[in-house]
Amino acid sequence: MSDFRRKLYAASAAYILGLGPKVKLRGTPRKTRAYVSVLEASKKLYEALEKEEGIESVDKLLAEKKNKAINFSHTTGLIWPF
């Protein structure tokens, strides 16, 4: 795994867990939007699981995250690991 991916995934995991790292994004607006979109969807899903929300809510958030992860992969060529 490249150093870039390692740093990207580490910062993403920290954000999802609520640790709030400061990260500067570079890239095309399309790639940046795809990243922010899947990152926010992953965080919402994590928070719903932590709060033990109902299965319907979690299922909806999981489907949303999955769709955004597919878009992220198509847009950037990277696989979303979360």
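The values are calculated or read from the model by the stated rules, or taken from the named source; none is laboratory data. Predicted, not measured: the structure shown is a model, and the values here were computed from it. Methodologically, a virtual Cβ is constructed for each residue, glycine included, from the backbone with ideal geometry; neighbour enumeration extends over all protein chains shown.
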Open item on the list: List the residue pairs whose Cβ atoms are under 8 Å apart, where the first residue sits in the range 44-68 and is closer than 13 Å to residue 82 by Cβ, the second is among the polar types (S, T, N, Q) and surrounded by 15 or more Cβ atoms within 10 Å (Cβ to Cβ), and the two are 6 or more positions apart or on different chains.
Closed with: 65/42; 68/37
Open item on the list: Can you find a residue that is modelled with pLDDT of 95 or more and either of a type in the set (Phe, Trp, Tyr) or under 11 Å from the mean Cα position of the chain (by Cα) (or both) anywhere in the range 46-55?
Closed with: yes
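Kindly establish whether residue 26 is closer than 17 Å to residue 81 by Cβ and either among the basic types (Lys, Arg) or surrounded by 13 or more Cβ atoms within 10 Å (Cβ to Cβ) (or both). Working first, answer last.
Values: closer than 17 Å to residue 81 by Cβ: no; either among the basic types (Lys, Arg) or surrounded by 13 or more Cβ atoms within 10 Å (Cβ to Cβ) (or both): yes.
For residue 26, the condition - closer than 17 Å to residue 81 by Cβ and either among the basic types (Lys, Arg) or surrounded by 13 or more Cβ atoms within 10 Å (Cβ to Cβ) (or both) - is not met.
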- [ ] For the range 61-82, name all the residues that are assigned to a loop (DSSP other than H, G, I, E, B) and closer than 20 Å to residue 29 by Cα.
- [x] 77, 78, 79, 80
- [ ] Search the range 40-61 for residues being hydrophobic (A, V, I, L, M, F, W, C) and surrounded by fewer than 15 Cβ atoms within 10 Å (Cβ to Cβ), and hand back the single one that is farthest from residue 11 (Cα to Cα).
- [x] 55
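Tell me which residues, restricted to the range 35-60, are part of a helix (DSSP H, G or I) and farther than 18 Å from residue 18 by Cα.
Quick first cut of the range 35-60, residues part of a helix (DSSP H, G or I) only: 35-50, 55-60.
Hits for the range 35-60 are 55, 56, 57, 58, 59, 60.
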Task: Count of residues meeting criterion [more than 19 Å from residue 6 (Cα to Cα) and of a type in the set (A, V, I, L, M)] in the range 29-82 - done: 10
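Any idea which residue in the range 1-34 is modelled with the lowest pLDDT, counting only those that are in a loop (DSSP other than H, G, I, E, B) and of a type in the set (Lys, Arg)?
Looking at the filtered set, the residue picked out is 22.
In this structure, is residue 65 surrounded by 14 or more Cβ atoms within 10 Å (Cβ to Cβ) and over 11 Å from the mean Cα position of the chain (by Cα)?
Working: surrounded by 14 or more Cβ atoms within 10 Å (Cβ to Cβ): yes; over 11 Å from the mean Cα position of the chain (by Cα): no.
No: the conditions fail for residue 65.
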- [ ] Please specify each residue of the range 10-27 satisfying the condition of being of a type in the set (A, V, I, L, M) and touching a residue at least 12 places away in the same chain (Cβ under 8 Å).
- [x] 11, 13, 16, 17, 23
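Pull up the range 1-23, narrow it to residues that are exposed (fewer than 10 other Cβ atoms within 10 Å of the Cβ) and either of a type in the set (D, E, K, R) or closer than 17 Å to residue 69 by Cα (or both), then point me to the one that is farthest from the chain's Cα centre (by Cα). Step through it out loud before you land on a result.
Filtering the range 1-23 for residues exposed (fewer than 10 other Cβ atoms within 10 Å of the Cβ) gives 1-4, 19-20, 22.
Next, from what is left, pick out any that are either of a type in the set (D, E, K, R) or closer than 17 Å to residue 69 by Cα (or both): 3, 22.
On the way: 3: 18, 22: 15 Å.
If we take residues in the range 1-23 being exposed (fewer than 10 other Cβ atoms within 10 Å of the Cβ) and either of a type in the set (D, E, K, R) or closer than 17 Å to residue 69 by Cα (or both), then 3 is farthest from the chain's Cα centre (by Cα).
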